[in-house]
Amino acid sequence: MKTVLSVNLNKIALIRNSREGNNPDLLVYAQACIDAGAEGLTVHPRPDQRHIRADDCAPLGDIAEKNGLEFNIEGNPFAGANDTGYPGFMEIVEACRPAQTTLVPDSDDQLTSDHGFDLTNPETVERLKPLISRIHAAGSRVSLFMDPVPEQMAIAKEIGADRVELYTGPFADHFDPEDEAFKALFASYVATKDAALDAGLDVNAGHDLNLGNLAYFVAMGDIAEVSIGHALTIDSLYMGMGEAMRRYRACLA
């Protein structure tokens, strides 16, 4: 299976938002990423709108569609409208109709995603079910952000998910192929991937993947997509975006 590289644009939006005006222009940057080899675009509009804003989503989706690429919107499906102009996560999805919607259990003020859904919690499952149905009705594939827990993959399928995105923060934090504890951790990712495939789910991955650990992770096989933003943006500062994109794509080859 070929692993698709989707570029997360949040950090570029964060730079833009640090000054008045529209520099860097997200639409220009997104097209440059595509021209350099990106195979998808990812955004995570949070309720405080500190980076990607709600009104960024539709034009970025249009660019992805124009180039024949996937547009992926991530976020907390339970996040509602607020006084910053954020209309609510579900409202963004239904207005933009992205190719993929990745549901993430973030709190409104969370710095970054740091855990997946716990599908052993009946309340969480019952809240997710109708929202997954609404997203499907909008024509979007649904992926659930999940920790490497094999036993939860069948539940994800039962409630309507099409994919899971494995939260790779712990993998990146403890990356050391010679360490026995890391080997055990990585085995849990492999087992979760296998359980997801057995349940009929495709598997994505994301969070803190970089040039030092990406090839190792995708070597397990059957990873449909990785979403990378923070590390790719940093590497682009040192080596230029074109070279950074070339190296990430080489890791996935």
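The values are calculated or read from the model by the stated rules, or taken from the named source; none is laboratory data. If you're wondering where the values come from, they're calculated on a predicted model, not measured in any experiment. Positions of Cβ are backbone-derived with ideal geometry, glycine not excepted, and every protein chain shown enters the neighbour counts. To get the accessible areas, we keep the full protein, side chains included, count just its heavy atoms, and leave off ligands, DNA and RNA. Shrake-Rupley method; radii C 1.70, N 1.55, O 1.52, S 1.80 Å.
Scanning segment 214-229 for residues that are acidic (Asp, Glu) and crowded, with 22+ Cβ neighbours inside 10 Å gives a single hit, GLU225.
Of all residues in segment 216-227, those that are under 14 Å from ALA191 (Cβ atoms) have Cβ atoms under 7 Å from Cβ atoms of residues that are assigned to a helix (DSSP H, G or I) and among the aliphatic types (A, V, I, L, M), 6 or more apart or on another chain, in MET220/VAL190; ASP222/LEU197. Of the numbered criteria (1) out of contact with any strand residue (DSSP E or B) (no Cβ under 8 Å at 6 or more places or on another chain); (2) buried (at least 17 other Cβ atoms within 10 Å of the Cβ); (3) of a type outside the set (S, T, N, Q), the one GLY40 fails is (1).
Within segment 108-123, the set of residues being more than 17 Å from GLU74 (Cα to Cα) and either of a type in the set (Lys, Arg) or open to solvent by 30 Å² or more (accessible area, probe 1.4 Å) (or both) comprises ASP118, THR120, ASN121, PRO122, GLU123. Contact map, segment 160-179: first residue among the basic types (Lys, Arg), second residue part of a loop (DSSP other than H, G, I, E, B), Cβ cut-off under 6 Å, separation 6 or more or different chains; pairs are ARG163/LEU201. Note on segment 43-96: residues that are within 17 Å of GLY229 (Cα to Cα), among the β-branched types (Val, Ile, Thr) and open to solvent by 20 Å² or more (accessible area, probe 1.4 Å) total 0.
Residues are listed down the side, and each one gets a yes or a no for (1) in contact with a Gly (Cβ under 6 Å, 6 or more places away or on another chain); (2) more than 22 Å from ASN82 (Cβ to Cβ); (3) touching a residue at least 24 places away in the same chain (Cβ under 8 Å); (4) part of a helix (DSSP H, G or I):
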position: THR102; (1), (2), (3), (4): no, no, yes, no
position: LEU119; (1), (2), (3), (4): no, yes, yes, no
position: LYS129; (1), (2), (3), (4): no, yes, yes, yes
position: GLY139; (1), (2), (3), (4): no, yes, yes, no
position: VAL142; (1), (2), (3), (4): no, yes, yes, no
position: GLU151; (1), (2), (3), (4): no, yes, yes, yes
position: ALA156; (1), (2), (3), (4): no, yes, yes, yes
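The set of residues in segment 187-198 being open to solvent by 10 Å² or more (accessible area, probe 1.4 Å), of a type outside the set (Gly, Ala, Ser) and over 13 Å from GLY221 (Cβ atoms) consists of ASP198 alone.
Evaluating LEU237 against the criteria (1) in a helix (DSSP H, G or I); (2) open to solvent by 20 Å² or more (accessible area, probe 1.4 Å); (3) in contact with a helix residue (DSSP H, G or I) (Cβ under 7 Å, 6 or more places away or on another chain) leaves one unmet condition, (3). Screening the candidates LEU201, LEU211, LEU232 for the property of being without any contact (Cβ under 8 Å) to a residue 60 or more places away in the chain, open to solvent by less than 10 Å² (accessible area, probe 1.4 Å) and in contact with a helix residue (DSSP H, G or I) (Cβ under 8 Å, 6 or more places away or on another chain) yields one hit, LEU201.
Scanning segment 111-134 for residues that are closer than 25 Å to GLU70 by Cβ and not aromatic (Phe, Trp, Tyr) yields a count of 13. Note on segment 6-28: among residues that are in a loop (DSSP other than H, G, I, E, B) and of a type in the set (S, T, N, Q), the one that is surrounded by the most Cβ atoms within 10 Å (Cβ to Cβ) is ASN22. If you filter segment 135-149 down to residues that are in contact with a Lys or Arg (Cβ under 9 Å, 6 or more places away or on another chain) and open to solvent by 40 Å² or more (accessible area, probe 1.4 Å), you find that the one that is nearest to GLU70 (Cα to Cα) is ARG141.
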